[in-house]
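Report on the following structure.
The values are calculated or read from the model by the stated rules, or taken from the named source; none is laboratory data. A quick note: this is a predicted structure, and the numbers were derived from the prediction, not measured. Methodologically, a virtual Cβ is constructed for each residue, glycine included, from the backbone with ideal geometry; neighbour enumeration extends over all protein chains shown.
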Amino acid sequence: MAATEPKSASPAGRPLSPHLGVYRFAMTMAMSIAHRITGAGLYVGALLLAWFLVATSSDASAFAVFSGFIHSIVGRLALFGFTWALFHHLLGGVRHFIWDAGVGLDEPWRDRLALATLVGGLVLTLIVWTIGYIVR
């Protein structure tokens, strides 16, 4: 029996799609994945916001349940994650807006803008949380 060669085309003669093993890791790839994850995280944050609004408009016991959750470690982590997702997603949109203008598409600036999205989202989140704890 002869050894079979790997398929390089479909039965119809069209090339097969490349798989993840073909691509090398790039910062823009990671930020694209993070942008999608933060977009999904914003849905969870919107549910937290809806829960807050319903609890606020309900009686004191409903608000106490929400308040107990949001003041727990899990609640604060969820709120911190929501804050980061909001800023990261916002800066990702700004990065794409810059790219749509035709700026920053070349090799060094493409990765710098992607890194700025990551660092900027974290820095803005920490600033907001620091101000929140100072005001509190």
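The residues of the range 63-73 that are within 20 Å of Ile127 (Cα to Cα) and surrounded by fewer than 16 Cβ atoms within 10 Å (Cβ to Cβ), listed by number, are His71, Ile73. Residue pairs whose Cβ atoms lie under 8 Å apart, separated by 6 or more positions or on different chains, with the first residue in the range 34-47 and closer than 15 Å to Phe80 by Cβ and the second polar (S, T, N, Q) and at pLDDT below 90, do not occur. Of the residues Val123, Val103, Val44, the single one that is modelled with pLDDT of 95 or more, at negative phi and aliphatic (A, V, I, L, M) is Val123. Say whether the condition of being surrounded by 12 or more Cβ atoms within 10 Å (Cβ to Cβ), touching a residue at least 40 places away in the same chain (Cβ under 8 Å), among the hydrophobic types (A, V, I, L, M, F, W, C) and closer than 27 Å to Ile33 by Cα is met by at least one residue in the range 74-83. Yes, the range 74-83 contains at least one residue that is surrounded by 12 or more Cβ atoms within 10 Å (Cβ to Cβ), touching a residue at least 40 places away in the same chain (Cβ under 8 Å), among the hydrophobic types (A, V, I, L, M, F, W, C) and closer than 27 Å to Ile33 by Cα.
For the subset of the range 23-62 comprising residues that are among the hydroxyl-bearing types (Ser, Thr, Tyr), part of a helix (DSSP H, G or I) and surrounded by 12 or more Cβ atoms within 10 Å (Cβ to Cβ), which member is farthest from the chain's Cα centre (by Cα)? Within the range 23-62, the match that is farthest from the chain's Cα centre (by Cα) is Thr28. Within the range 101-136, the residues that satisfy the criterion of being over 23 Å from Phe25 (Cα atoms), in a helix (DSSP H, G or I) and not aliphatic (A, V, I, L, M) are Thr125, Trp129, Thr130, Gly132, Tyr133. State whether the residues of the range 63-77 include one that is of a type outside the set (Gly, Ala, Ser), assigned to a helix (DSSP H, G or I) and under 21 Å from Phe25 (Cα atoms). Checked against the condition, which is being of a type outside the set (Gly, Ala, Ser), assigned to a helix (DSSP H, G or I) and under 21 Å from Phe25 (Cα atoms), the range 63-77 yields no hits at all. Suppose we keep only residues that are of a type outside the set (A, V, I, L, M, F, W, C) and modelled with pLDDT of 90 or more within the range 107-120. Which one would you say is nearest to Arg36 (Cα to Cα)? Within the range 107-120, the match that is nearest to Arg36 (Cα to Cα) is Thr117.
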